[in-house]
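Each reported figure results from applying straightforward, stated rules to the coordinates on display, with no laboratory input. Predicted, not measured: the structure shown is a model, and the values here were computed from it. Note that each Cβ is placed from the backbone with ideal geometry, even for glycine, and that neighbours are counted across all protein chains shown.
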Amino acid sequence: MNRRVYQDPRVVALIAAMGLGAVMFDNTAVTTAIPSIQADFNAETSALQWILSALSITTGTILPFAGAFGDKWGALKAFRIGMIIFGTGALLASFATSFPMLLACRIFQGFGLAFMLPNGAAILNANVDPNSRNKAVGLWISFSSIGLLLGPLFGGFLTQAYGWHALFYCQPVISLIGLSLTFLLHESETHKNINPIDVLGILTISAATLFFSAGVIDLGRAVPHPVLDTVLISLGTFLYWAFCRIERRVAHPLIDPAWFKSRRVRGVLIACFIYNATIPAATLLVALFSQKTLEFSPRMGGLVILLMCVFMPLGSTILGKVKSSNELRKVMLLASFLLGVDYIVIALFAQSPMAVFLFTLIFSGFFAGILFAGDTVAIMESLEPAKAASGMAALSMVRQISAVIGIAMIGTISEIIGNMADNAVTGRLWGIAICGIITFSAWLMLKDGLRKDQLA
């Protein structure tokens, strides 16, 4: 029997947030612990990006399959699978005794994350009345942001008191709680996709993401392999092109080419790519600056990252109160512009006065919260329910790939500038400023993609 049950958006948002919240906790907590991990394994700075990027590469590679799995067999089932895998990977990471072992655990966690991200959003789409969608998405991001708030606090405290291994003790507990709560919801049979899975499309885009991301990350290393990296990036680019050709020819494409005929979808996805490249890169540079330059302890470094996250729930909540497409456009345009300004101000006042530096960190999270919720709402409104998981997988894949590219490229540029100036501090501050300059281009894409005639 088909079931289509609209449930309390607060309950649904809380359950869906257990997945995204666990990820946000992981990202901020691990970022805080990066200097300690570096010291423990004696790893070069450029190699540290693999701690963050290994998760993102795996997630981006598996996302197409995970989204299609959710559309075919149920988003709730896929979400549960993701929670189990992610929590198990974290538990294994807590016992890591070498850099390669830790990377392997992060890769395993990436499989779980790939199942959680798109299907968590699809759960919202299936269980919440369309009239309450904006509110539910805002609550989803707000609840998830609790992970952002707890990550720096627990990350700094646990790292300083017990070592970085302790960070991974919390994640299996979060996953177990989230898994238990999912049984309060019903799987929506009505919104399942009865069409066959686009296997060739999944294999092609997954391979493209793997090759392209691996090449970009290696370019960011202190000692890259230019020939190999060129081959990987070129092969990845070719496979992306091949994927587009495949999707135009198959009867039931993984990602409907018609989506990209919409200026709105193109504009939002490109803007999403831009600011999701700068946000993790800026966060990593701020973490390194606070602990390496300002000589903050891991606990104090965690508090610095906390300032970047503390107002994100408020930003998401404000987005949830948006009632019209025109309001959505205005709010997202303002947030994208001010986020770029904020990064530049952080770079200018990172060393003095300290109050300005800390104050601007607060607003970066506020604007990021608006953008994270806004692009989700904009894409959701463009999707049919049976393709919700695949559509959100496309959005999540953009986020993951852009995070990989942002950390690799901006991190590399900051190191190059630091080496040229013979001052690592200069390189990090210039890296943060570059994040601001790049973010301005997201404003341009949103201005074009979210025009009134596109939202009607």
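Structure above, values below:
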item	result
log10 of Debye I(q)/I(0), alpha-carbon scatterers only, for the stretch 95-251 at 0.09, 0.11, 0.14, 0.17 Å⁻¹	-0.50, -0.74, -1.11, -1.25
Pairs beyond 29 Å (Cα-Cα), from 72/261; 135/292; 72/330; 77/261; 72/323; 323/447	135/292; 72/330; 77/261; 72/323
Over the stretch 255-345: Rg over Rh, Cα atoms, Kirkwood Rh	1.08
FRET efficiency, 1/(1 + (r/R0)^6) with R0 35 Å, evaluated for residue 447 and residue 244 via beta carbons	0.85
Efficiency of FRET between residue 169 and residue 362 - r from beta-carbon atoms, R0 30 angstrom, step 0.05	0.55
Relative frequency of Cα-Cα separations exceeding 27 Å in the chain, percent	50
Gain upon complete extension [residue 321, residue 181; 0.36 nm per residue less C-alpha separation]	47.8 nm
For the chain, the longest site-free run once GluC sites (Glu not before Pro) in DSSP loop states with at most 12 other Cβ atoms within 10 Å are removed	296-456
DSSP H segments from the chain that extend 15 Å or more along their own axis, Cα-based, with Kyte-Doolittle mean of 1.0 or above	9-41, 75-93, 99-127, 170-181, 199-219, 263-288, 298-309, 325-348, 354-380, 388-421, 424-449
Rel. contact order, % - alpha carbon contacts under 8 angstrom, at least six apart, the stretch 202-256	40
Modelled FRET efficiency - R0 51 Å, residue 261 with residue 300, Cβ distances, 0.05 increments	0.55
The stretch 309-354: trypsin sites (Lys or Arg not before Pro) in DSSP loop, at most 15 other beta carbons within 10 Å	321, 323
